[in-house]
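The block underneath contains the structure these notes are about, expressed in structure tokens.
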Amino acid sequence: MLQAGRLRSSQMKIDVLTIFPEFFGQVFDFGIIRRAKAAQIVEINVHDLRDFTTDKHRMVDDRPFGGGDGMVLKPEPIFEAVEKLTGTPDRGNYPAGTRVVLLSPQGKPFEQKAAKAYAEETDHLILICGRYEGVDERVNERLVTDEISIGDYVLSGGEPAAVVLVDAIVRLLPEALGSETSADNDSFSDGLLDCPHYTRPAEFRGMNVPEVLLNGNHAEIEKWRRDKALEKTRLNRMDLLEGENGEM
Ligand code: ADE
């Protein structure tokens, strides 16, 4: 998807550009992301776009040309920030392994395979959080390598979407999940949703864990899991089973 065959080097660097840096508070300080940061598998920096303005009012947005509601994020601070972070204000010249993502409802849908591709191939990920009615289109024309949406709904800004990307990508970085877990059985990793899971107690408020999971027969357990994954996918996400040509 990104640069076929290219594998990332050591640490991944993620820079988030936003007009609401406080939004990110402690979101990257829990669980797998916190561990990955501590182990220097990833470095995450959040930047205030106002720090890249040069006017005395530190303006990051303005009214849309042609009229209409809302405000549009101005190009200058975003160009300044990307140039500072990559060394160039031109996506044709970024260092290898650099991706500049604009989070917007107009973007391509974000999927597990994109998360995997970023985790495997990207050294430096810059996430631009869109706001208000939009972002000056020259940002898209000159800086953005991927415009991404996390779903068919409109958020008030790209910040929650940036958190979603960081989480989905960082947990796939080699070493991030730790040895006790694996992403191989995640929903979507084999085109199906994940199967149901149970833990102790075996009986709870009159509800019993399926017998097959207790009997230690691994072949039977695998078959049960596959059947249940199919059943769940059919129920909630028929589109995943229909394939690209509308066939199973
Ligand atoms: N900004 C606003 N809505 C969005 C969405 N659905 N995905 C990504 N960024 C957004």
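The values are calculated or read from the model by the stated rules, or taken from the named source; none is laboratory data. Just so you know, these numbers come straight off a predicted model, no measurement behind them. No Cβ is skipped: glycine too gets one built from the backbone with ideal geometry, and neighbour counts run over all protein chains shown. Protein only, heavy atoms only, side chains kept; ligands, DNA and RNA dropped before computing areas. Shrake-Rupley method; radii C 1.70, N 1.55, O 1.52, S 1.80 Å.
Values computed for the structure shown
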quantity: Gaussian network model of the chain, springs between alpha carbon atoms under 10 Å - residue of Ile78, Ile221, Ile128 with greatest fluctuation; calculated: Ile221
quantity: Per-q log10 I(q)/I(0), the chain, q = 0.12, 0.17 Å⁻¹ (Debye; single scatterer per alpha-carbon; no solvent); calculated: -0.81, -1.30
quantity: Relative contact order %, the chain, counting alpha carbon pairs below 8 Å whose residues are six or more apart; calculated: 20
quantity: The chain - mean residue ellipticity at 222 nm from DSSP helices (-39,500 (n - 2.57) per run, n ≥ 4, rounded to 500); calculated: -8500 deg cm²/dmol
quantity: Three-way shape label, segment 67-129, alpha-carbon gyration tensor, a/c 1.5; calculated: oblate
quantity: The chain, accessible surface, carbon-and-sulfur percent (1.4 angstrom probe); calculated: 49
quantity: Amide H contacts under 5 Å for Glu43, placed H, 5+ residues apart; calculated: Met12, Lys13, Ile14
quantity: Point-charge dipole on Cβ atoms (K/R +1, D/E -1) for the chain, about Cα centre, debye to 20; calculated: 440
quantity: Rounded to the nearest 10 Å², the accessible area of Glu43 at probe 1.4 Å; calculated: 70
quantity: Spatially proximal lysines relative to Lys232 (Cα-Cα < 21 Å; intrachain offsets below 8 disregarded); calculated: Lys113, Lys223
quantity: Accessible solvent surface per residue of the chain, calculated while the other protein chains remain in place, 1.4 angstrom probe, Å²; calculated: 60
quantity: Amide H contacts under 5 Å for Ile19, placed H, 5+ residues apart; calculated: Leu49
quantity: Extension gain (nm, one decimal) between Glu111 and Val27, 0.36 nm per residue minus Cα-Cα; calculated: 28.1 nm
quantity: Listed residues Ala119, Ala229, Ala36, most fluctuating in the chain (Gaussian network, C-alpha, under 10 Å); calculated: Ala229
quantity: Candidates Val72, Val135, Val209, ranked by Gaussian network fluctuation over the chain, Cα under 10 Å, top entry; calculated: Val209
